[in-house]
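The values are calculated or read from the model by the stated rules, or taken from the named source; none is laboratory data. Predicted, not measured: the structure shown is a model, and the values here were computed from it. So basically every Cβ, Gly included, is an ideal-geometry build from the backbone, and we count neighbours across all protein chains shown.
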């Protein structure tokens, strides 16, 4: 179990290296002759450095995925490989972190295109993990053992989620659409409000009866995604009146960067140990006490996709730009990725409620 935290530390160190290379190593990268031809000239060196670090991290965790996938028992030799052999794996990590800096730029750009797809996979897995957690929370509090003592907290959190959601909607209208010409932001916010009404109506339908807790939490999640999307708009966008990442090391920018930075690590770690979010229905087979505590293959696969994800955040999903220092996930590409992720979250949640009625011949027990 402790191996999970060591891998998380490796991922954290890799992310720190990517950030340092992006923001503070332009002169060093410029001395490498094979980087001089990167598209965008000197300005693209930071992005190239991030992609190269991301490639090394991806190779490390994808190799771990290939060598541990299918492990189910502690007596499997692959269990010892996952949980031990740290000197060899540390050396391997150093090698794969250095080698990408000797690869031609054309290959790195090809990897960057693949990283967009891999980052999208990571977002989908994370989304399913969030929805799975919301349903697990609801089922735990409504179970026979907890239903009595959890009735009041359940109502408080459900109602509180809706109150915060509506406050968020109002604040977004005030802060992000101060004039009628801010049509894009008005559309994002209004559509988020419509999605909240739709998921709530379906959730409270007598045939569905999913409850207020799940719909309240997913509504709050939708508002968060919308808010985060608008805050990713470039600083030149006049419709956003809130302080944003400007590249200057003021306390607000640094704090925003650090929160987003550690959110990447936490999201990757928490998603990696939640293999049940993608599990298909199996037979009556129950987990044995002799089984491994979590899916090693899935854990490493999520970290491999997370390596692609942090690369996209550091370059704003644009392979040919270098973002300001102390900035992360800024640009119109980032905005639309988050907006689409919000719409997908609503669609997946709605599908979990209506699939029983659409696929009547399937057993969802």
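Values computed for the structure shown
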{"read-out": "Yes/no for residue 132 being closer than 21 Å to residue 306 by Cβ and at pLDDT below 90", "value": "yes"}
{"read-out": "Residues located in region 40-74, provided they are in contact with a helix residue (DSSP H, G or I) (Cβ under 8 Å, 6 or more places away or on another chain), more than 28 Å from residue 327 (Cβ to Cβ) and modelled with pLDDT under 85", "value": "70, 71, 73"}
{"read-out": "Identity of the residue in region 220-242, free of Cβ contacts under 8 Å to residues at least 40 places away in the same chain and either in contact with a helix residue (DSSP H, G or I) (Cβ under 9 Å, 6 or more places away or on another chain) or farther than 15 Å from residue 332 by Cβ (or both), that ends up surrounded by the most Cβ atoms within 10 Å (Cβ to Cβ)", "value": "231"}
{"read-out": "Verdict on residue 247 being surrounded by fewer than 23 Cβ atoms within 10 Å (Cβ to Cβ), farther than 24 Å from residue 188 by Cα, more than 16 Å from the chain's Cα centre (by Cα) and at pLDDT 80 or above", "value": "no"}
{"read-out": "Residue that is at pLDDT below 85 and out of contact with any strand residue (DSSP E or B) (no Cβ under 6 Å at 6 or more places or on another chain), where the choices are 309, 294", "value": "294"}
{"read-out": "Hits in region 318-365 - residues which are under 15 Å from the mean Cα position of the chain (by Cα), modelled with pLDDT of 85 or more and over 29 Å from residue 213 (Cα atoms)", "value": "334"}
{"read-out": "Filter pass, residue 201 being under 20 Å from residue 350 (Cβ atoms), part of a helix (DSSP H, G or I) and over 25 Å from the mean Cα position of the chain (by Cα)", "value": "yes"}
{"read-out": "Failed item, numbered, when residue 71 is tested on (1) crowded, with 17+ Cβ neighbours inside 10 Å; (2) over 18 Å from residue 302 (Cβ atoms)", "value": "(2)"}
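Results for (1) in contact (Cβ under 8 Å) with a residue 12 or more places away in the chain; (2) under 27 Å from the mean Cα position of the chain (by Cα); (3) farther than 30 Å from residue 200 by Cβ, shown as yes or no for each residue.
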residue: 72; (1), (2), (3): yes, yes, yes
residue: 87; (1), (2), (3): no, no, yes
residue: 104; (1), (2), (3): yes, no, yes
residue: 114; (1), (2), (3): yes, yes, yes
residue: 139; (1), (2), (3): no, yes, no
residue: 145; (1), (2), (3): no, no, no
residue: 157; (1), (2), (3): yes, yes, no
residue: 161; (1), (2), (3): yes, yes, no
